[in-house]
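Novice: Have a look at this one.
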Amino acid sequence: MTTFLEKLLINYPYVISVILFFIGTLIILTQSNLFKKLLGINVMETATFLMFIAAGNIRGGAVPILSDTNAPYINPLPSALMLTGIVVSISVTAFALALILRLYREYGTVDANEIARLRNGGMEK
Amino acid sequence: MRDFILKRMIAVILAFIFVYGFYVILHGHISPGGSFAGGIIVSLSFIAFATVYGIDKGKEKLPEKFLVWVESYGTLWYGLMGLVGICKGAPFLANKLAGIDLGVPGTLSSGGLIGLIGFGVGIRVASTMITLFYTLMEGDA
Amino acid sequence: MKIRHIFVAVVVLLALFGMLLMVAELPPYGSADNPGQNMVAQRYINDALEDTGVPNMVTAVVLDYRAYDTMFETIVLFTAALAVVVALKPAEEEGDDA
């Protein structure tokens, strides 16, 4: 009858991935600089990739390239499917950086609260 | 002082990074790596050059017309490789069903269409990264 | 630290504890009889060499069994570069309407 902490210690990659995901959420919710919010989105995506790739591992297994070993080959499917996810993450980050540059040119600041105040102040006149 | 040391070091190392990137793209079906990681390594050598020596010298070496040409025709190359299968009566993007001989596994010229498609995707990813770098650095000035 | 930040931190810590209760019930990491290592993975491992002729299984899955997904992913990368170039045009003066 294993206790709760022993069960958590066996699945240590999943625990690290969940903690990274919630650190990313905290960064998005508490920082007011737009660049820091973008970094928080990147941290959340990295935590998701870690969880999927760690789910396809076998302890003592071999790399999925054919050679003459006796160990079982690990699952090649999660690594192949997460390649597409990484490319999508790059595209979203690049486009968000371009939009932040446009916002800086319009309003002169990169603070989310300041921009909201400037936009609402201009609308009431 | 910092500029002098950086310029001398980058002038020596850049050629090795470029050749290593091409090695990772071309040996994608024998050793780990593949087309996406190799394309990003090739683009890193040009980005390091443009950072240290200035953007104008970087644009002299790789003009923007060449980058646009590589990127557009690289996307079209993938579709044309798929149409080879249709011309022989097999499904779209077929490799073995279209009757292409696969060669000896483990050598560089094996796998049929996989090597050609991988090379096209690799240089296409490199040109996309360099285009993004030029646009973001120029939009700030 | 504002009061709002402390409230947000307490809610996130409660959600983290709930997720850790779920993680303890997952199948153990790295064992060979996981439900993830079923017959789908075995078929890809056994037939990769004679269907494609390359010994690298990850490249065979990405570029031969699933070549359609890779084609659309390169189109996504092309669209992202296009969107960045369009969004960052230099500021021009607009013509007067007279």
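None of the figures in this text is laboratory data; all of them are computed from the coordinates on show. Everything numeric in this text was worked out from a predicted model, so none of it was measured. So basically every Cβ, Gly included, is an ideal-geometry build from the backbone, and we count neighbours across all protein chains shown.
Novice: Please list the equivalent ellipsoid semi-axes of segment C:3-87, computed as the square roots of five times the alpha-carbon gyration tensor eigenvalues, in descending order and whole angstrom.
Specialist: Output for segment C:3-87: semi-axes of 38, 30, 7 Å.
Novice: If amide hydrogens are placed 1.01 Å from N in the peptide plane, which non-local residues have theirs closer than 5 Å to the one on A:Ala62?
Specialist: Long-range HN contacts for A:Ala62: A:Tyr73, A:Ile74.
Novice: In terms of Cα to Cα distance under 27 Å, which lysines are near enough to B:Lys61, apart from those fewer than 8 places away along the same chain?
Specialist: B:Lys7, C:Lys89
Novice: Please say if chain B is rounded, prolate or oblate, where rounded means a/c under 1.5 for a ≥ b ≥ c the square roots of the C-alpha gyration tensor eigenvalues, and otherwise the choice is prolate for a/b larger than b/c and oblate otherwise?
Specialist: Oblate, since a/c reaches 1.5 and b/c is not below a/b.
Novice: Shifting gears a bit: Which translational diffusion coefficient, to the nearest whole µm²/s, is obtained for chain A from the Stokes-Einstein equation, given a Kirkwood hydrodynamic radius over C-alpha pairs, 20 °C and 1.002 mPa s?
Specialist: This corresponds to a translational diffusion coefficient of 119 µm²/s.
Novice: To the nearest 10 degrees, how steeply does helix A:34-54 sit against the main Cα axis of chain A, on a 0 to 90 scale?
Specialist: Roughly 10 degrees, rounded to the nearest 10.
Novice: Let me ask you something else. Please report, in debye to the nearest 20, how large the charge dipole of the protein assembly as shown is about its Cα centre when each Lys and Arg carries +1 at its beta carbon and each Asp and Glu carries -1 there.
Specialist: 640 debye
Novice: Another question, then. Taking the Cα centre of segment A:1-106 as origin, sum charge times position over the Cβ atoms of Lys and Arg (+1) and Asp and Glu (-1), and report the length of that vector in debye to the nearest 20.
Specialist: Around 320 debye, computed over segment A:1-106.
Novice: Give a residue-ordered list of calculated ³J(HN,Hα) values for segment A:94-102 (Karplus: 6.51 cos²θ - 1.76 cosθ + 1.60, θ = phi - 60°; whole Hz; x for Gly, Pro).
Specialist: Karplus values, whole Hz, x for Gly and Pro: 5, 5, 5, 5, 5, 5, 5, 4, 5.
Novice: Under 5 Å between amide hydrogens, which residues at least 5 positions from A:Asn57 or on another chain qualify, with H placed 1.01 Å from N in the peptide plane?
Specialist: Under 5 Å from the amide H of A:Asn57: C:Gly30.
Novice: What ³J(HN,Hα) values, in whole Hz, does the Karplus curve 6.51 cos²θ - 1.76 cosθ + 1.60 give for segment C:51-60 when θ = phi - 60°, with x put for Gly and Pro?
Specialist: 3J(HN,Hα) across segment C:51-60, in whole Hz: 8, 10, x, 10, x, 8, 6, 5, 5, 5.
Novice: Let me ask something else. Specify the angular offset, from 0 to 90 degrees and rounded to the nearest 10, of the alpha carbon long axis of helix A:112-123 from the longest principal axis of the alpha carbons in chain A.
Specialist: Around 40 degrees separate the two axes.
Novice: With angles folded into 0 to 90 degrees, how steeply does helix A:12-30 sit against the dominant principal axis of chain A? Use alpha carbons for both and round to 10.
Specialist: 0 degrees
Novice: Putting +1 on Lys and Arg Cβ atoms and -1 on Asp and Glu Cβ atoms, find which of A:Leu8, A:Ile115, A:Leu101 reaches farthest to the positive end of the dipole of chain A.
Specialist: Of the options given, the answer is A:Ile115.
Novice: With r defined as the distance between the Cβ atoms of A:Leu118 and A:Tyr12 and R0 fixed at 41 Å, what FRET efficiency is calculated, to the nearest 0.05?
Specialist: So the FRET efficiency works out to roughly 0.30.
Novice: If the chain between C:Gln42 and C:His5 were fully stretched, how many nm would it gain, using 0.36 nm times the residue separation less the Cα-Cα distance?
Specialist: Contour length minus Cα-Cα distance gives 8.4 nm.
Novice: Within chain B, which whole H helices from DSSP have a Cα span along their axis of at least 20 Å and a mean Kyte-Doolittle hydropathy of 1.6 or more, if any?
Specialist: TM-like helix candidates: B:2-26, B:35-53.
Novice: Using label points projected 7 Å from each Cα along Cα→Cβ, tell me how many nm separate B:Phe4 and A:Tyr107, to one decimal.
Specialist: Here the modelled spin labels are 4.6 nm apart.
Novice: Can I ask one more? What percentage of all Cα-Cα pairs in the protein assembly as shown are separated by more than 38 Å?
Specialist: Summing the P(r) of the protein assembly as shown above 38 Å gives 34 percent of all pairs.
Novice: For segment A:19-60, just run the numbers: alpha carbon Rg, then divide by 2.2 N^0.38 Å, N being how many residues it has.
Specialist: It is 1.43.
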